[in-house]
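Inspection log for the structure reproduced underneath, given as structure tokens.
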Amino acid sequence: MPCCARNIGKVGLYKEDSTMKTRNCILLCLLVIMTFTQIGQAAGPTPPDVKAAKMKANNVSTPTEQQIRLIEAAAPDKAPAKPAKPRKVLVWGHTWTHLPNPFAEKALEILAHKTGAFETVISDDPHLLLGGRLRQFDALLMNNIHEREPFLPDDFTQLKGEQKAAAKKLDKAVKQSILKYVLSGKGIVGIHAATAACQNWPEYGDMMGGYYGGHIHQEVVIKPEDPKHPVNACFEGKPFTIRDEIYIFREPYSRKNLRVIASLDLSRMEDPQRRPDKDYAVSWVRAYGKGRVFYTTLGHDAATYWNPVFLQHLLAGVQFSIGDLYYAGKMDQ
């Protein structure tokens, strides 16, 4: 073969080898980026663009300017208790999982700013639920969590090998951390769908006081069962009428383990016929180790978040869980 032909062939091969190396490098970089993106979804806060896309896909909207003004007008000017020291509350949950979530976030932000009762940090980062990072907060508020496994990534079933093992490890660590946090003396608050969450985690149901077992959605009349409880001060000892979604609770719900402070008033409304014992709890408190739990089933409808009675009830419940709103009565019945 002529020398020039051999050289041309070699140059061609060099070009082809160089191109292949470039392609392989690009493919490797893309693979690394995809891998870290998957891990990031499981182990960090949701990026704003991903969050916006998920909200759009689930028809979840943020409050309008008019609705925000309604919340601001309905929020109390003063907290029921003076904070013993500057307080910080972690409002945790995925905004896109339930219609009321953005409204709850905004309402809590406004309550904090307007009353000075606490500072809010709103996040869905599971790392904030671990050890020392969680202990910086005086209370953890589970915002309409609504997911059976909220600490696992959406694509968990598609993960393989080390990625799946890492996701499981984080999930276990978060759950252990939350239990230890409350048992050690911190507070936890559940709004509405918080009891529909974590139904594969029995210790969570025990801590919160029950699990979702069905619901009604209608106008209801609520009676304060313990008018002297400071979380019930908003009711002024009177029945309270509101339209909202009310959960019907299943085990481990039991009045033996918690103190129901508000329930449906069946003397003023028809029995929904969903419980033979006619026990339709709306809000309760309980002790969990050294910690305090407040839960209310209210908080599904957007309009609930500009109802002044509800906002006072919620604010008082958060302060109770923190420990600033003291009550000497029993924490169970």
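Identification of strands (runs of 3 or more DSSP E) wholly contained in the stretch 234-333 with 1 or more residues that are farther than 28 Å from Ala84 by Cα yields 240-250, 259-264, 281-288.
Taken over the stretch 175-197, the criterion of being crowded, with 22+ Cβ neighbours inside 10 Å and part of a helix (DSSP H, G or I) is satisfied by Ile178, Tyr181, Val182, His192, Ala193, Ala194, Thr195. None of Lys160, Lys169 is among the charged types (D, E, K, R), modelled with pLDDT of 95 or more, assigned by TED's automatic domain parsing to the domain that holds Ile188 and over 16 Å from Ala197 (Cα atoms) except Lys169. When you check Lys172 against the structure, is it free of Cβ contacts under 8 Å to residues at least 24 places away in the same chain and of a type in the set (D, E, K, R), yes or no? So Lys172 fits the description; yes. Would you say Ala117 is surrounded by 22 or more Cβ atoms within 10 Å (Cβ to Cβ) and among the small types (Gly, Ala, Ser)? Judged against the criteria, Ala117 is a match.
If you go through the stretch 146-161 and keep only what is exposed (fewer than 11 other Cβ atoms within 10 Å of the Cβ) and either touching a residue at least 12 places away in the same chain (Cβ under 8 Å) or assigned to a helix (DSSP H, G or I) (or both), you end up with Thr157, Gln158, Gly161. Checking the condition modelled with pLDDT of 95 or more and more than 26 Å from Asp206 (Cβ to Cβ), which residue from Tyr305, Tyr280, Tyr253, Tyr288 passes? Residue meeting the stated conditions: Tyr305. Every test in (1) over 23 Å from Asn200 (Cα atoms); (2) at pLDDT 95 or above; (3) not in a loop (DSSP other than H, G, I, E, B) is passed by Gly132 save one, and that test is (2).
When you look at Glu219, is it in the same structural domain as Thr115 (by TED's automatic domain parsing) and either closer than 20 Å to Met207 by Cα or out of contact with any strand residue (DSSP E or B) (no Cβ under 8 Å at 6 or more places or on another chain) (or both), yes or no? Criteria not met by Glu219.
Has the stretch 64-85 got at least one residue that is modelled with pLDDT of 95 or more, in contact with a helix residue (DSSP H, G or I) (Cβ under 7 Å, 6 or more places away or on another chain) and at positive phi? No, that holds for no residue.
The values are calculated or read from the model by the stated rules, or taken from the named source; none is laboratory data. These figures come from a predicted structure and were not determined experimentally. All Cβ positions, glycine included, derive from the backbone under ideal geometry; neighbour counts span all protein chains shown.
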